[in-house]
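The values are calculated or read from the model by the stated rules, or taken from the named source; none is laboratory data. Here the structure is a predicted model, which is why all the values come from computation and not from measurement. As a convention, Cβ positions derive from the backbone with ideal geometry for all residues, glycine included, and neighbour counts pool all protein chains shown.
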Amino acid sequence: MNRQCATYRASLVPTLAAALVCTPRTEVRAQPTDAVIVAVSLDRPDWKYRVGDSAVFRVAVLRGGHEVPRAKVSVALAQERMKPMRVDTVDGTAAGVVLKGTLSAPGFLRATATARVDGVTYTGMATAAFSPELIDASTTMPDDFLAFWQKAICRCASHAT
């Protein structure tokens, strides 16, 4: 090790020690044990499917990490930002609620679950992507789009320092 590195290391250690001693403590608190969560998850870690595949949504109502017994759960399955294709109210059981859904065209399918526990409403959701790489743009590019942006880029470049 050369002298410059040794000097740098020697000055770094007291600086780090001072920073640790002088830094105010940050208190980390766990979630309250009675926190209620409506957990909605999918059977694939990346939440991606091919058109025609079945996505399996699992819904659980949890309080402090444990299932809430006899929780009434309203579940809706819909294409993203569309009216639900299906809405059911079911009892949350120890096994949780399982929904299956598919799309026949590229897009997104969302499961939304709502539960009322002790007079408070809780909601959870998950969205499955069906062949997202095949989704087409929903509008056509205007004829003057490229000319507009090229002009804007040139105008910004002229102001650059």
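Remarks
- Failed condition for residue 90, given (1) closer than 22 Å to residue 50 by Cβ; (2) out of contact with any Leu (no Cβ under 8 Å at 6 or more places or on another chain): (1)
- Verdict on residue 51 being under 30 Å from residue 34 (Cβ atoms), surrounded by fewer than 16 Cβ atoms within 10 Å (Cβ to Cβ) and β-branched (Val, Ile, Thr): no
- Here residue 104 fulfils each of the conditions (1) in contact (Cβ under 8 Å) with a residue 24 or more places away in the chain; (2) among the polar types (S, T, N, Q); (3) closer than 14 Å to residue 38 by Cα apart from (3).
- Positions within the stretch 126-151 being buried (at least 16 other Cβ atoms within 10 Å of the Cβ) and either assigned to a strand (DSSP E or B) or within 17 Å of the chain's Cα centre (by Cα) (or both), in sequence order: 126, 127, 128, 129, 130
- Among the candidates 121, 112, 89, the residue that is under 19 Å from residue 40 (Cα atoms) and surrounded by 17 or more Cβ atoms within 10 Å (Cβ to Cβ) is uniquely 112.
- For the stretch 29-57, a residue qualifies if it is of a type in the set (Ser, Thr, Tyr) and modelled with pLDDT under 95, and exactly one does: 33.
- Of the strands (runs of 3 or more DSSP E) entirely within the stretch 58-110, those holding at least 1 residues that are at pLDDT below 90 and acidic (Asp, Glu) occupy 86-91.
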